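For reference, the structure discussed in these notes is given below.
The values are calculated or read from the model by the stated rules, or taken from the named source; none is laboratory data. Since we're looking at a predicted model, the values are computed, not measured. Note that each Cβ is placed from the backbone with ideal geometry, even for glycine, and that neighbours are counted across all protein chains shown. For accessibility, only protein heavy atoms count, side chains too; no ligands or nucleic acids. Shrake-Rupley method; radii C 1.70, N 1.55, O 1.52, S 1.80 Å.
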Amino acid sequence: MPHVIVQATPNVTINRPERLLKQLNSCLWETGHFDKPQAIKARLLDVETFLVGIEDDQQQEGFIYLQLRLMPGRSQQIRDELAEKLRICLQQELEAQQSGRVTVQYCVEVIELSAAYSKVRVQP
């Protein structure tokens, strides 16, 4: 735990998705709020169909939405800090890769999982 889920519209350029995920995981690890680096799990989901606004011609707008899912118990201040660090990391990593033809919105949401969240680790 935690889980980092990144969704990006197809008009947003991500040249090296694995590097982006590594940067995000490193950013979280460096906060000191997690027990071991292997606890941080990240994935990138491509968004095939999207609409920003209500008209088709508004597709010069794109977005990257990052959701951070955490076990309960961290203060609002810590959750806000994590969200801001991830937003800055996203923006720093991707801003230079954009074509300039698309306005990109960077969004981060932190969600607490239910205390009933369960996981099992199976060793090979």
(message) Taking the Cα of S99, stepping 7 Å toward and past its beta carbon, and measuring to each backbone N in the stretch 1-38: which are under 19 Å?
(response) 8-17
(request) Give, rounded to the nearest 20 debye, the magnitude of the charge dipole that the stretch 1-110 has about its Cα centre when Lys and Arg contribute +1 at Cβ and Asp and Glu contribute -1 at Cβ. (result) 600
(request) Could you tally the net charge around Y106, taking each other residue with its Cβ under 14 Å from the Cβ of Y106, Lys/Arg +1 and Asp/Glu -1? (result) -3
(request) Please work out, to two decimal places, the log10 of the ratio I(q)/I(0) at q = 0.15 Å⁻¹ from a Debye calculation in which every Cα of the stretch 61-113 carries one identical scatterer. (result) -0.46
(message) Looking at the stretch 1-110 only, what percent of DSSP beta bridges run antiparallel? Nearest 5 please.
(response) 30
(request) Could you work out how far helix 17-29 tilts from the main Cα principal axis of the chain, as a 0 to 90 degree angle to the nearest 10? (result) 40
(request) Under 11 Å from the Cβ of L21, count the other residues' Cβ atoms, weight Lys and Arg +1, Asp and Glu -1, and hand me the total. (result) +3
(request) Kindly identify the stretch 1-57 as rounded, prolate or oblate by the Cα gyration tensor criterion: order the square roots of the eigenvalues as a ≥ b ≥ c, call it rounded if a/c is under 1.5, otherwise compare a/b with b/c, prolate if a/b is larger, else oblate. (result) prolate
(request) For an R0 of 30 angstrom, estimate the FRET efficiency from the Cβ-Cβ distance between Q91 and H33 and round to the nearest 0.05. (result) 0.90
(message) Need the list of aspartates and glutamates near K22 for cross-linking: C-alpha distance under 13 angstrom, and skip anything on the same chain fewer than eight residues off.
(response) E30, E93
(request) Could you pull the accessible area for D56 with a 1.4 Å probe, rounded to 10 Å²? (result) 130
